[in-house]
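The values are calculated or read from the model by the stated rules, or taken from the named source; none is laboratory data. None of the values given here were measured: they were computed from a predicted structure. Here Cβ is always computed from backbone atoms with ideal geometry, including for glycine, and neighbour counts include all displayed protein chains.
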Amino acid sequence: MVQGVTRRADWRARLHAEIEAHRREGFAWGRRDCALGLAAGAVLAMTGEDLAAAWRGRYRSASGAARVLRAAGFDSLGDAVAAVLPEIHPSQAHVGDIAFLDEGEIGALGIVNGGTLIVLGLDGIGPRERAAAVRAFKVG
């Protein structure tokens, strides 16, 4: 687990800018997907720490993402995030924390945004019900 990840004083503005960048640029496996783009991008924007640098550019498809994740010893994206951020109960998550959704082969990641989640999929960025989060991780 990464020690000392702290949110910057202007983290809210940085998070907003990161989310807006995803609205403009869309989805791309291995660069701007739910894990490396949205979740890791949000952490980088809020803290200045790139927790996913070693993963970037290592896959270009859903099956490639699953293969790389499993080769690293993780069964899901949630397990990979738990290796670098402290896990909390989803009910304790605040704006900017990372949510894990148990969907698809390896799950999906989103950002807690009050009563909803912000998620990024093939069709772009959008909201999901907060109840969809089955795990959550504290950022800063």
Filter the range 125-140 for residues that are small (Gly, Ala, Ser), crowded, with 17+ Cβ neighbours inside 10 Å and part of a strand (DSSP E or B) and give the result. Ala133, Ala136
Out of all the residues in the range 81-90, is one or more of a type outside the set (Val, Ile, Thr), closer than 26 Å to Glu20 by Cβ, without any contact (Cβ under 8 Å) to a residue 60 or more places away in the chain and in a loop (DSSP other than H, G, I, E, B)? no
Selection from the range 93-124 of residues more than 17 Å from Glu18 (Cβ to Cβ), of a type in the set (Gly, Ala, Ser) and buried (at least 21 other Cβ atoms within 10 Å of the Cβ) yields Ala93, Gly107, Ala108
In the range 16-72, residue surrounded by the most Cβ atoms within 10 Å (Cβ to Cβ) [restricted to those that are of a type in the set (A, V, I, L, M), modelled with pLDDT under 95 and not in a helix (DSSP H, G or I)]: Leu51
Looking at the range 1-15, which of its residues are surrounded by 18 or more Cβ atoms within 10 Å (Cβ to Cβ), hydrophobic (A, V, I, L, M, F, W, C) and either modelled with pLDDT of 95 or more or touching a Leu at 6+ places or on another chain (Cβ under 6 Å) (or both)? Trp11, Leu15
Checking Glu20, Glu25, Glu49 in turn, the sole residue that is acidic (Asp, Glu) and touching a strand residue (DSSP E or B) at 6+ places or on another chain (Cβ under 7 Å) turns out to be Glu25
